[in-house]
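Notes follow the structure.
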Amino acid sequence: MAPPATSLVFTVRRCKPELVAPAKPTPHEFKQLSDIDDQEGLRFQIPVIQFYKYDPSMQGRDPVRVIREALAKTLVFYYPLAGRLREGPGRKLVVECTGEGIVFIEADADVTLEQFGDALQPPFPCWEELLFDVPGSGEVLNCPLLLIQVTRLKCGGFIFALRLNHTMGDAAGLVQFMAAVGEIARGASSPSILPVWQRRLLDARDPPRVTFAHREYDEVADTKGTLIPLDDMSHKSFFFGPTEVSALRKFVPHHLGKCSTFELLTACLWRCRTIAIKPDPNEEVRIICIVDARSKFNPPLPTGYYGNGFAFPVAVTTTEKLCKNPLSYALELVKKAKNEVNEEYMRSLADMLVIRGRPHFTVVRSYLVSDLTRAGFKDVDFGWGKPVYGGAAKGGVGAIPGVASFLIPFKNNMGEDGIVVPICLPAPAMEIFVKELDGLLKGQPEIGNSKFIVSSL
């Protein structure tokens, strides 16, 4: 097993950032985002990273040039992404389709893919060098909506890193755009799935009528200072393969037998994390699940819709109940929250967001888990084949850092397919988290040590 690559240091030489505009003229118009898109909790940049191996059949082809040209052609179809966001009355976000373009950075690194080690997973060494935060480019309003850096590696492989303004789209929408760039890079004249704007499909009703409690948007005072401090944060990734998942399934009672791996891991992570950060026993704690609602509509949202099509359903309990009850208690709460989402839930959500001025979801004593295992990042091919890693660049990202975790598809160095979860916690809490999780994996939910951690920073 190669050692974790987090001690790896290398130099990245970057060219001056440039704007890549659509390859042909595009309409200058104003397009409103949906009432789901422009909520406060999505007003941040989401980072993604893809690692690609050298492919001898692509000898002589430069990934920077190929991807830059494909981006310009793809933006003709996705021209709103080349525009800039403006904010109107009532905090309503509108894209001005200016055709100015997205930020593109060409770079070279004096490192090979092999030097990253077998376990390519967050946190990545020199991450800030692989997706350079161009000064003045990262605001939500009046800034480029996408930033892309393509870094050539010494071995002939390359890294594709991207940052998207989350109000413009979710993981499914972003993968659709990236797949379109890949198709055009491989010679297609247009994407196989054409983009659909139609954001009005997820607008509030007139008059709005809120039919669900939407406790994920409760206004909660942070009385005990339980928002996680951001200094001294520890970043680790945890791998859950067939062995780990079957160890956790032993805690599932018969009547909950039909639970998904996402539900099981979410319940487990929530409980271990809560024990680790030690909130007051009587205070409420929350788990927020990301649920893609595209298929919940009748008819479903159109194929090609690349806006945000998900909800944040929540389960609420007290610290004491969560930590003193068996894992099945948390699992039942997660299942119930997830199953709440249907078309009426989404309509009610848009109505509530508009009535309440587009609030942020509750972050006090909240933990959010998003399943990227089926998002498709690992299938994006620019001509050099599928990536050896594709997906979220780090855990804890969001408008409020430290609250979110992602489940990312991953093959470990023994060739086992599984899920990797980057976790971001203060260092003392991380130690407790590791012991709790290891205890569960050993079948004794008391204490243990962390043999299954595969990378840390």
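Here are the numbers for the structure shown:
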| item | result |
| --- | --- |
| Residue that is farthest from Lys442 (Cα to Cα), among those in segment 244-260 that are part of a helix (DSSP H, G or I) and touching a Leu at 6+ places or on another chain (Cβ under 8 Å) | Leu256 |
| Residue identified as closer than 28 Å to Arg91 by Cβ and open to solvent by less than 60 Å² (accessible area, probe 1.4 Å) among Gln32, Gln45 | Gln45 |
| Strands (runs of 3 or more DSSP E) contained in segment 1-66 and holding at least 2 residues more than 30 Å from Gln115 (Cα to Cα) | 18-20, 30-32 |
| The one condition in (1) more than 24 Å from Pro409 (Cα to Cα); (2) in contact (Cβ under 8 Å) with a residue 24 or more places away in the chain; (3) open to solvent by 10 Å² or more (accessible area, probe 1.4 Å) that Pro387 fails to fulfil | (1) |
| Scope segment 264-309; condition open to solvent by 10 Å² or more (accessible area, probe 1.4 Å), under 16 Å from Lys324 (Cβ atoms), outside any loop (DSSP other than H, G, I, E, B) and of a type outside the set (Val, Ile, Thr); matching residues | Arg271, Arg273, Glu284 |
| Candidates Gly439, Gly415, Gly357, filtered to the one that is of a type in the set (Gly, Ala, Ser), more than 22 Å from Arg163 (Cα to Cα), assigned to a loop (DSSP other than H, G, I, E, B) and modelled with pLDDT of 90 or more | Gly357 |
| Single residue of Val316, Val334, Val341 found to be closer than 30 Å to Leu437 by Cβ, outside any helix (DSSP H, G or I) and open to solvent by less than 10 Å² (accessible area, probe 1.4 Å) | Val341 |
| Options Leu75, Leu33, Leu19; residue that is touching a residue at least 40 places away in the same chain (Cβ under 8 Å), in contact with a Pro (Cβ under 8 Å, 6 or more places away or on another chain), under 17 Å from Pro195 (Cβ atoms) and among the aliphatic types (A, V, I, L, M) | Leu75 |
| Every residue from segment 133-152 that is open to solvent by 10 Å² or more (accessible area, probe 1.4 Å), in contact (Cβ under 8 Å) with a residue 60 or more places away in the chain and assigned to a loop (DSSP other than H, G, I, E, B) | Val134, Gly138, Val140, Pro144 |
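The values are calculated or read from the model by the stated rules, or taken from the named source; none is laboratory data. Note that the structure is a prediction, hence the values are computed from the model and not measured. Every residue, glycine among them, receives a Cβ derived from its backbone with ideal geometry; neighbour counts consider all protein chains shown. These area figures cover heavy atoms from the full protein model, side chains too; ligands, DNA and RNA do not enter into them. Shrake-Rupley method; radii C 1.70, N 1.55, O 1.52, S 1.80 Å.
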